[in-house]
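Comments concern the structure below.
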Amino acid sequence: MREFVIILIVILILLGLTAYKYRRQIAMIIGFGKMLRDARADIRRSASPRRIDHEPSELVCCTRCGTWVPQDRAIRFDAKTYYCSQDCVRSAMTAA
Ligand SMILES: [Zn+2]
């Protein structure tokens, strides 16, 4: 029984040393696994029927900076004036 415990301890020490030696690779593998899991979650989210049924809204051009943004996310000023963000509205106000 004592020998078994000693062998177990030696194995644990060897495992510990190996883990310590390859800690960077292990961290990399863990990070890679996490990345894969995130990517898979993203795919599942983007493949949900809600997203597929949702028609992409028309793109509009920001009057201030020229960025193209979906109409439902743009800030509408009048019939033909859109801004991509609050910042662009603000800078347009101060420039005018
Ligand atoms: Zn803009």
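The numbers here are math on the coordinates, done by the rules we state, and not lab data. None of these values were measured; they are calculated from a predicted model.
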Calculated from DSSP helices alone, with each H run of at least 4 adding -39500 (n - 2.57) and the total divided by the residues of the chain, [θ]222 nm to the nearest 500 comes to -20000 deg cm²/dmol
Stretched out fully, how many nm does the piece from residue 78 to residue 18 gain, at 0.36 nm a residue minus the Cα gap? 15.0 nm
For the chain, list the DSSP H helices whose alpha carbon atoms reach 15 Å or more along the long axis and whose average Kyte-Doolittle value is -1.0 or above? 2-21, 23-46
When the chain is fully extended, how far beyond the present Cα-Cα distance does residue 92 get from residue 46, taking 0.36 nm per residue of separation? 13.1 nm
Percent relative contact order for the chain, counting Cα pairs under 8 Å at least six residues apart, stands at 14 percent
